[in-house]
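Below: the structure, in structure tokens.
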Amino acid sequence: MRILHFSDLHIGVENYGRLDQATGLSTRLADFLAALDEVVDHAVTQRVDLVLLAGDVYKGRDPTQTHQREFASRLYRISSAGIPVFLLVGNHDLPNASSRANAVEIFPTLQVPNVHIGDNLQTYLVETPAGPLQIVAVPWPRRGRLISREESRGLTIDQVRAEIESRMTSAIDLRISELDASVPAILTGHVTINGSTVGTERSMMLGNDHVLLASALHRPELEYVALGHIHKHQVLRRENPVMAYSGSLQRVDFSEEGDEKGFCVVDIDLAAPRGQRLVEFSFRPVSARQFVTVDVAVPPGEPDPTAAVLRAIARRNVTDAVVRVRIRLSAEADALLREGEIREALRSAHYLAAVSREVEGARRTRLSGGESEGLQPLQALRLYLDGRDTSPQRKDRVLSYAQELIAEVESGEPAQSEPERCP
């Protein structure tokens with residue numbers, strides 16, 4: 001049995017893009033769909049037995065009709081090839097009210113064949129071309145399903161989070177204990193595991209994060225643990241069962257500049273004993289858009305600081321990349337800098353995100369017109385704090401308070417405690 005695992009597709013992230021005159025759509029939308037096409041091509045040509053998307057199909061809970069159409073057309077290609085698809089519900093797929101449908105609920109409503117939605121913490125039995133597979137699904141938790149408003153009354157946000165994490169852990173333990181040992185089983189979760197390396201997803205949060213211990217999911221009854229929510233590909237456990245984040249398919253911002261993007265493929269031997277059925281695990285890269293940072297320190301006394309910047313640009317491959325240039329120089333050199341020539345040297349780039357100058361310790365940043373478009377609230381706040389040289393401690397506290405405010409809006413309930421003032 002061969003399983004293809006990917007996550008955090010985030011169709012709709014269009015920052016650092018421009019309008020494609022031929023299609024009328026954002027070039028960044030084309031980037032994300034091209035990466036998805038690589039996944040679909042591999043699934044169909046290699047005849048995998050299951051495609052598993054571990055959460056966050058779209059950027060937001062209200063995808064446009066265009067985004068829905070583009071995803072559905074690719075889902076249909078997999079489904080029509082006789083390959084089942086399992087879509088786990090992530091935090092970006094959830095509505096802001098419990099009575100509303102999630103972003104992927106339309107597929108079972110339309111009775112699309114071979115498509116299964118993991119929207120509850122339970123075990124799903126999926127029939128694949130190779131045989132049945134048990135999938136323990138751990139979607140992004142809906143707070144109201146795990147802890148009632150009455151139960152949370154008087155608790156701080158941290159206490160509520162801890163209670164939800166405890167109840168999730170107990171529920172996972174129960175579901176694993178109920179598994180049929182004769183049928184292979186995997187777990188998929190859209191969660192943060194303690195000790196994992198986080199990145200952009202922290203600034204794209206639509207509420208508070210929930211952190212589980214690796215030991216809660218790394219169980220010998222399972223063959224594989226397929227994780228989503230963290231954008232950086234990483235293997236948390238290499239001994240059976242392998243526990244891995246596939247990571248996102250495209251880079252969202254410069255914090256993911258050095259990350260390799262792709263998907264995971266696992267092979268399961270159905271004849272092997274329980275807990276020893278995984279025989280191969282591999283990561284397959286996709287052609288993600290490159291992000292390039294050009295850092296230039298103009299030396300004191302440099303007669304032509306522009307030439308120094310141009311030389312640094314020439315040493316990097318900026319063609320078709322999203323590029324930012326960060327220049328450190330003296331006030332005297334700043335007065336001689338010809339920014340027009342710098343921008344001209346970057347004409348081959350897909351998008352010029354920023355040209356920033358750090359002049360004698362005081363940073364002055366110039367951004368291209370659309371850099372802030374498509375940013376999530378916490379991403380915009382982080383960009384603002386970075387531009388003001390905010391200390392790391394103060395930045396963390398401000399972002400933490402912002403997350404609490406977002407959580408308050410999402411839950412429709414006031415915060416349980418007053419945050420202390422930032423110094």
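Among beta bridges from DSSP that stay inside the range 2-285, the antiparallel ones total about 45%. For residue 69, project a label point 7 Å along Cα to C-beta. Then give me every residue of the range 8-51 with its amide nitrogen under 20 Å of that point. Zone members listed by number: 10-14, 18-37. Tell me, how many Å apart are the Cα centres for the range 1-56 and for the range 219-264? So the separation of the two Cα centres works out to 16 Å.
The translational diffusion coefficient of the range 227-328, from Stokes-Einstein at 25 °C and 0.890 mPa s with a Kirkwood hydrodynamic radius over alpha carbon pairs, comes to 146 µm²/s.
Bear in mind that the values in this text are calculations on the coordinates, not laboratory data. These figures come from a predicted structure and were not determined experimentally. Glycine also receives a Cβ, built like all others from the backbone with ideal geometry; neighbour counts cover every protein chain displayed.
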